[in-house]
Each structure stands twice: as structure tokens, then as C-alpha cells.
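Here's the structure we're looking at; comments come further down.
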Amino acid sequence: VQLQASGGGLVQVGGSLTLSCVASGSRFDTATMGWYRQTPGEEYELVATITSGGSIDVADPVKGRFAISRDNARNTVYLRMNNLKVEDTAVYYCNVRTPLLQSFWGQGTKVTVSS
């Protein structure tokens, strides 16, 4: 199983980015897919998750600005990030968690928001 994340980069405050994560090596129609982020010295922080049924959980710091979606046909999860703030600067990781609680992580994509 491999997760390939992309879409990170440098953006100014107020800008937007869309992250993508493609999963390969298996089908993940029944899995929960999500995004986490990490800043140096900090723990992983949940950003958003989406279940196979489409239920969404979004962390309070990004609620109203970030949106998660998935395309099961493409084994892909997206994170649309709008109105980015300096405090959104982090490495963003995609995650897939199967019903058997197997957890897979992508390699991370860096997002830098400059003022």
C-alpha cells in the first residue's frame, strides 16, 4: 500500500491550496480517509476525515475554511484549503484507516503560508 500526497507549496495569507492523496495497492472504498498535520516539535493534529459513507469530521481551527472530499473510483482524498493563515503552516499527511483498523500514511506534503 502506498499513499502519494501532493499539492503543497508556498502561499500567501488568504490564499488557497488543494492537496491530493492517491492510494494504491488496494481498494479503500470502505476505509476512512483523512488529513493530519504536524509542525516541528508538535504531535500530529487531526485536520479532517471522511468515512466511506461520506461522514465528515473537521477540526475546529480549520472549520469553515477547509473541505475534505474523496473520489473512490480514483482512490483519492482531497483537502481544499481556503483563507489560509500563517498558523496553517505544517507538513500535511494523508491517512487511510481500514475497517480492520489498519492505518497507512503518506509521505507528507509541506504547506507554508507567508505573511
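Below are the figures for this structure:
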| quantity | calculated |
| --- | --- |
| Residue tally, condition in contact (Cβ under 8 Å) with a residue 40 or more places away in the chain and within 19 Å of Val113 (Cα to Cα), over segment 35-77 | 8 |
| Qualifying residue in segment 18-29 (condition: over 16 Å from Phe104 (Cα atoms) and open to solvent by 20 Å² or more (accessible area, probe 1.4 Å)) | yes |
| Among (1) in contact with a Cys (Cβ under 8 Å, 6 or more places away or on another chain); (2) open to solvent by 50 Å² or more (accessible area, probe 1.4 Å); (3) aromatic (Phe, Trp, Tyr) - the single one Tyr44 does not satisfy | (1) |
| Of all residues making up segment 86-104, the number that are surrounded by fewer than 15 Cβ atoms within 10 Å (Cβ to Cβ) and either touching a residue at least 60 places away in the same chain (Cβ under 8 Å) or among the hydrophobic types (A, V, I, L, M, F, W, C) (or both) | 4 |
| Single condition Thr49 does not satisfy, out of (1) among the hydroxyl-bearing types (Ser, Thr, Tyr); (2) under 14 Å from the mean Cα position of the chain (by Cα); (3) surrounded by fewer than 18 Cβ atoms within 10 Å (Cβ to Cβ) | (3) |
| Odd one out for Thr32 among (1) over 11 Å from the mean Cα position of the chain (by Cα); (2) open to solvent by 50 Å² or more (accessible area, probe 1.4 Å); (3) of a type in the set (Val, Ile, Thr); (4) under 16 Å from Ile68 (Cα atoms) | (2) |
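The values are calculated or read from the model by the stated rules, or taken from the named source; none is laboratory data. None of the values given here were measured: they were computed from a predicted structure. With ideal geometry, Cβ positions are generated from the backbone for all residues, glycine too; neighbour counts draw on all protein chains shown. To get the accessible areas, we keep the full protein, side chains included, count just its heavy atoms, and leave off ligands, DNA and RNA. Shrake-Rupley method; radii C 1.70, N 1.55, O 1.52, S 1.80 Å.
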